[in-house]
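As structure tokens, the structure follows; a few thoughts come after it.
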Amino acid sequence: MKKVIRIEGIDCANCAKVLEMEINKLEGIKNAKINFVKSTLSFESNNIEESMKKIVALTKQVEPDAKIIENTNLSKTKQNLIINISTLVAGIAIGACALFIPMPVWLYWPLYVISALLMGYKTYYKALTLLFKGVINENMLITISVIGSAAIGERMEALMVVALYGIGKILEGLAVNKSRKSIEKLTNLQPEFAMLVVGNEEKKVLPSEVKLGDTIVVRPGERVPIDGLIIDGKTMVDMKSLTGENLPTMKKKGDKILSGSIALDGVILIKTTSEYSQCTVSKIMNMIENASEKKSKAETVISKFTRWYTLVVILGAILTCGIAWAITKNFDSSFYRGLNFLVISCPCAFAISVPLAYFSGIGNASRRGILIKGSNYLDACAKLKVIGFDKTGTLTNGKFNIMEILSFDKKLSKEDVLFLCALGEQYSNHPLAKSITHANKRKLIVVKDIEEETGKGVSFTYEDKRYFVGRKGKKTKNTVVELYRENKKIGEIHLVDALKETSPIACKELNEMGIKTVLLSGDNQESVQKVATLAGVSEAHYELLPQEKYKWVEEQKSHPKSNVAFVGDGINDAPSLMLADVGIAMGITGSDATIEASDIVIVNDDPSKVASAIRLSRYTRKIVWENIIFSMGVKIIVLILGIVGITNMLIAVFADVGVTLLAILNSIRALKHDPNRKKVNKKKNKKNVH
């Protein structure tokens with residue numbers, strides 16, 4: 001059985017990793033994972049109650065500041081912050097008295113020790129607790145530095161180190177909590193309740209209690225809890241939290257409405273078309289929750305790196321001390337340089353800023369209706385060179401209008417041809433099939449011996465005769481569905497599909513970014529080339545079966561450094577979506593197979609969001625490398641200066657905590673970045689020129 005709980009008070013990603021490792025050692029607990037950014041702990045156990053007791057007891061030992069909260073709405077972060085600031089201020093005040101006010105030795109030392117304990121007792125406690133468990137982390141590095149500095153007579157510097165470290169950790173915690181709140185605000189789409197209509201009464205229930213086909217009422221200002229069809233009323237709807245679009249849209253009787261939307265000015269009755277677990281909000285939240293499990297290469301390397309890093313740092317400090325002692329013959333000076341090495345080398349800047357930057361980028365994307373399933377896909381998105389687009393429902397609206405119906409049998413009217421085609425297409429979700437069945441006005445009946453020929457059509461038996469609906473001939477000018485009876489063509493339906501307004505914008509932006517755009521379609525040559533010209537794609541392929549699209553993706557991947565994405569919306573696109581380096585599905589309400597196979601989902605079917613996703617991924621990746629290079633650069637410079645004896649312990653503390661804080665603040669930029677800002681500025685500049 002899986003359990004997810006909130007765990008607050010951990011502001012160090014490295015500490016979270018250590019706690020996660022220790023929890024996984026507990027008997028009866030499997031797959032424990034701490035999501036540092038979202039402050040949650042998930043684990044599997046056959047006895048949740050007993051496991052919770054073990055986790056709470058262990059957490060008190062390893063992370064005294066951490067609080068396990070089963071009620072995820074309850075927060076003790078502010079309470080912990082007040083306690084930490086109070087003890088730190090008291091410690092600094094007592095330390096200042098001991099250092100700067102003349103007093104006898106018997107009073108000086110107790111005050112000095114009390115000051116050091118107040119400012120760093122949690123650090124020392126965690127260091128010793130983890131040491132007995134065979135774990136050495138940054139808490140031990142700081143503890144050794146404080147004790148060592150005091151031992152060689154640098155007593156003021158010892159207190160300054162622990163004071164600056166404490167101040168830095170408080171600021172670091174504030175920055176991390178701010179980013180957490182921002183991310184939660186962006187991704188918190190879950191409705192708190194649903195108003196269920198039972199007879200003439202309304203009942204307030206949890207969204208999970210609403211069943212498929214139930215009727216719910218939504219009033220102005222309320223969030224739609226479950227996907228459904230409006231059966232009465234109309235309202236303007238705010239879908240910004242789902243799609244990123246600022247302008248509200250009108251929804252009226254007969255329209256579909258997505259969960260997570262907010263009704264603005266009217267009361268509507270909705271008949272639910274899904275259960276809560278399968279609705280849009282649940283799908284989005286599940287993707288966001290699971291995004292942290294699929295890590296980028298940079299995150300994976302840093303995670304493995306920090307596991308052994310602290311031990312290497314201690315060995316490096318001992319080596320530094322030994323070499324300096326051998327050269328200078330001065331133990332105190334050499335020991336001090338070794339302590340500098342310890343403080344400078346704490347890995348927090350990498351452990352926090354890199355995952356935080358990626359999660360900020362993913363959170364920002366979700367606010368704009370772009371759901372990225374993990375930082376590895378966000379990284380891959382930044383490296384794309386080629387993008388293959390499906391045509392129907394991806395670059396076009398996927399809503400076909402019938403232009404013409406032809407009958408090649410004198411006994412069949414046009415209505416008969418439409419009816420026979422609808423008999424075969426009634427079981428298909430393809431846009432062509434939906435258009436035909438919607439246009440048919442006659443009552444459909446169940447047919448026999450249905451056989452689907454992948455990429456071609458459907459065969460069935462009706463009134464003891466064998467029919468085929470689909471396409472056998474290839475050379476046609478328009479989008480055509482053919483009707484055969486006993487292998488003889490008896491009719492055709494010609495349809496037309498309009499291009500989405502944003503498709504030309506998407507292709508133009510991608511081409512300007514140096515990404516090759518390719519149209520892949522099973523439709524005829526003339527229809528495909530017409531769409532290709534209007535959309536502005538670099539290349540077009542037509543009359544392709546699903547396996548031929550798959551083969552195209554396979555060929556593109558065989559080219560060196562040719563990262564390829566495939567964008568589609570139909571179930572027949574699932575193999576190509578899964579094979580591509582980045583599979584991008586159009587529409588959260590599409591087939592489960594398509595969404596499952598994809599790595600990125602565009603909630604509102606807007607192809608221009610593909611370009612936005614790539615710009616945001618490139619920006620986030622740039623921030624990640626800025627953090628890595630900046631943190632590593634400062635640490636190496638201060639490390640070298642410390643080894644040769646130029647810097648002191650206070651600069652070493654800045655190289656640790658100060659750099660971490662700056663890297664966190666830089667990571668938050670990924671949360672605020674607007675991937676369309678440059679595009680807007682370009683349009684403004686063009687207007688100014690004219």
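The values are calculated or read from the model by the stated rules, or taken from the named source; none is laboratory data. Here the structure is a predicted model, which means the values were calculated and not measured. Note that each Cβ is placed from the backbone with ideal geometry, even for glycine, and that neighbours are counted across all protein chains shown. For the accessible areas, the whole protein counts, side chains as well, though only heavy atoms, and no ligand, DNA or RNA atoms are used. Shrake-Rupley method; radii C 1.70, N 1.55, O 1.52, S 1.80 Å.
Every residue in the stretch 199-214 that is assigned to a strand (DSSP E or B) and more than 32 Å from the chain's Cα centre (by Cα), please.
Across the stretch 199-214, the qualifying residues are 201, 202, 203.
Scan the stretch 486-516 for residues that are open to solvent by 30 Å² or more (accessible area, probe 1.4 Å), at negative phi and in contact (Cβ under 8 Å) with a residue 12 or more places away in the chain and jot them down. Steps first, answer last, please.
Step one: filter the stretch 486-516 for residues open to solvent by 30 Å² or more (accessible area, probe 1.4 Å), giving 486-489, 496, 498-499, 501-502, 504-505, 508, 511-514, 516.
Okay, now just the ones that are also at negative phi, so 488-489, 496, 498-499, 501-502, 504-505, 508, 511-513, 516.
Residues satisfying the conditions are 489, 496, 498, 499, 502, 504, 505, 508, 511, 513, 516.
I'd like the residue in the stretch 104-146 that is touching a residue at least 24 places away in the same chain (Cβ under 8 Å), open to solvent by 20 Å² or more (accessible area, probe 1.4 Å) and part of a loop (DSSP other than H, G, I, E, B) and, out of all such residues, is farthest from residue 59 (Cα to Cα).
Selected residue: 136.
For the stretch 227-286, enumerate the residues that are hydroxyl-bearing (Ser, Thr, Tyr), free of Cβ contacts under 8 Å to residues at least 40 places away in the same chain and assigned to a loop (DSSP other than H, G, I, E, B).
261, the sole residue that qualifies.
Quick check on my filter: what residues within the stretch 575-585 are open to solvent by less than 10 Å² (accessible area, probe 1.4 Å) and closer than 19 Å to residue 365 by Cβ?
577, 580, 582, 583, 584, 585
Identify all residues within the stretch 147-165 that are of a type in the set (Val, Ile, Thr) and surrounded by 24 or more Cβ atoms within 10 Å (Cβ to Cβ); write none if there are none. Talk me through it step by step, then tell me what you get.
Step one: of the stretch 147-165, the residues of a type in the set (Val, Ile, Thr) are 147, 152, 161-162.
Scanning the stretch 147-165 gives 161, 162.
Just need a number here: residues in the stretch 413-456 that are of a type in the set (Gly, Ala, Ser), assigned to a loop (DSSP other than H, G, I, E, B) and in contact (Cβ under 8 Å) with a residue 60 or more places away in the chain. First the steps, then the outcome.
Just the residues of the stretch 413-456 that are of a type in the set (Gly, Ala, Ser), to begin with: 413, 422, 424, 428, 433, 435, 439, 455.
This time we only want the ones that are assigned to a loop (DSSP other than H, G, I, E, B), so: 413, 428, 455.
Filter once more, so that each one left must be in contact (Cβ under 8 Å) with a residue 60 or more places away in the chain: 455.
Residues in the stretch 413-456 being of a type in the set (Gly, Ala, Ser), assigned to a loop (DSSP other than H, G, I, E, B) and in contact (Cβ under 8 Å) with a residue 60 or more places away in the chain: 1 in total.
For residues in the stretch 594-611 being in contact (Cβ under 8 Å) with a residue 24 or more places away in the chain, part of a helix (DSSP H, G or I) and open to solvent by 10 Å² or more (accessible area, probe 1.4 Å), which is nearest to residue 568 (Cα to Cα)?
It comes out as 595.
Do you know which of the residues in the stretch 622-681 that are of a type in the set (S, T, N, Q) and assigned to a helix (DSSP H, G or I) is surrounded by the fewest Cβ atoms within 10 Å (Cβ to Cβ)?
Within the stretch 622-681, the match that is surrounded by the fewest Cβ atoms within 10 Å (Cβ to Cβ) is 681.
Kindly list, by first and then second residue, each pair from a residue in the stretch 655-676 that is touching a residue at least 40 places away in the same chain (Cβ under 8 Å) to a residue that is open to solvent by 20 Å² or more (accessible area, probe 1.4 Å) and among the polar types (S, T, N, Q), limited to pairs with Cβ atoms under 7 Å and residues at least 6 apart or on different chains.
Matching pairs, first to second residue: 671/182.
Report yes if residue 422 is over 17 Å from residue 456 (Cβ atoms) and either buried (at least 19 other Cβ atoms within 10 Å of the Cβ) or small (Gly, Ala, Ser) (or both), otherwise no.
Spelling it out, residue 422 is indeed over 17 Å from residue 456 (Cβ atoms) and either buried (at least 19 other Cβ atoms within 10 Å of the Cβ) or small (Gly, Ala, Ser) (or both).
Being assigned to a loop (DSSP other than H, G, I, E, B), modelled with pLDDT of 90 or more and either surrounded by 17 or more Cβ atoms within 10 Å (Cβ to Cβ) or among the β-branched types (Val, Ile, Thr) (or both): is that true of residue 537 here?
Yes: the conditions hold for residue 537.
Scanning the stretch 498-524 for residues that are assigned to a helix (DSSP H, G or I), farther than 15 Å from residue 390 by Cα and among the aliphatic types (A, V, I, L, M), which turns out nearest to the chain's Cα centre (by Cα)?
510
So residue 384 ticks every box in (1) in a loop (DSSP other than H, G, I, E, B); (2) modelled with pLDDT of 85 or more; (3) under 30 Å from residue 285 (Cβ atoms); (4) open to solvent by 40 Å² or more (accessible area, probe 1.4 Å) but one. Which box is left unticked?
In the conditions (1) in a loop (DSSP other than H, G, I, E, B); (2) modelled with pLDDT of 85 or more; (3) under 30 Å from residue 285 (Cβ atoms); (4) open to solvent by 40 Å² or more (accessible area, probe 1.4 Å), residue 384 misses (4) alone.
Got at least one residue in the stretch 584-593 being of a type outside the set (Phe, Trp, Tyr), at pLDDT below 85, under 16 Å from the mean Cα position of the chain (by Cα) and not in a helix (DSSP H, G or I)?
If we filter the stretch 584-593 for residues that are of a type outside the set (Phe, Trp, Tyr), which is where we start, we get 584-593.
If we keep only those that are at pLDDT below 85 as well, we get 587-593.
Going one step further and asking which of them are under 16 Å from the mean Cα position of the chain (by Cα), we end up with 588.
Then drop every residue that is not not in a helix (DSSP H, G or I), which leaves 588.
Checked the stretch 584-593: at least one residue is of a type outside the set (Phe, Trp, Tyr), at pLDDT below 85, under 16 Å from the mean Cα position of the chain (by Cα) and not in a helix (DSSP H, G or I).
Which one is modelled with the highest pLDDT, of the residues in the stretch 185-243 that are in contact with a Gly (Cβ under 8 Å, 6 or more places away or on another chain) and among the hydroxyl-bearing types (Ser, Thr, Tyr)?
Here the residue is 235.
Every residue, every condition in (1) over 28 Å from the mean Cα position of the chain (by Cα); (2) at pLDDT 80 or above; (3) farther than 16 Å from residue 151 by Cβ, yes or no:
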{"residue": "294", "(1), (2), (3)": "no, no, yes"}
{"residue": "300", "(1), (2), (3)": "no, no, yes"}
{"residue": "311", "(1), (2), (3)": "yes, no, yes"}
{"residue": "326", "(1), (2), (3)": "yes, yes, yes"}
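Consider residue 100 carefully, then state whether it is open to solvent by less than 40 Å² (accessible area, probe 1.4 Å) and either modelled with pLDDT of 80 or more or closer than 29 Å to residue 285 by Cα (or both).
Values: open to solvent by less than 40 Å² (accessible area, probe 1.4 Å): no; either modelled with pLDDT of 80 or more or closer than 29 Å to residue 285 by Cα (or both): yes.
No; evaluated as a whole, the condition is false for this residue.
Within the stretch 250-259, can one find any residue that is touching a helix residue (DSSP H, G or I) at 6+ places or on another chain (Cβ under 9 Å), more than 21 Å from residue 212 (Cα to Cα) and small (Gly, Ala, Ser)?
No, the stretch 250-259 contains no residue that is touching a helix residue (DSSP H, G or I) at 6+ places or on another chain (Cβ under 9 Å), more than 21 Å from residue 212 (Cα to Cα) and small (Gly, Ala, Ser).
Among (1) crowded, with 24+ Cβ neighbours inside 10 Å; (2) part of a helix (DSSP H, G or I), where does residue 334 come up short?
All conditions pass for residue 334, except number (1).
Select, from 527, 459, the only residue that is at pLDDT below 90, of a type in the set (Gly, Ala, Ser) and either over 26 Å from residue 587 (Cα atoms) or part of a helix (DSSP H, G or I) (or both).
None of the other options fit; the residue is 527.
Among the residues of the stretch 394-403, which ones are open to solvent by 10 Å² or more (accessible area, probe 1.4 Å) and not in a strand (DSSP E or B)?
397, 398, 399, 400
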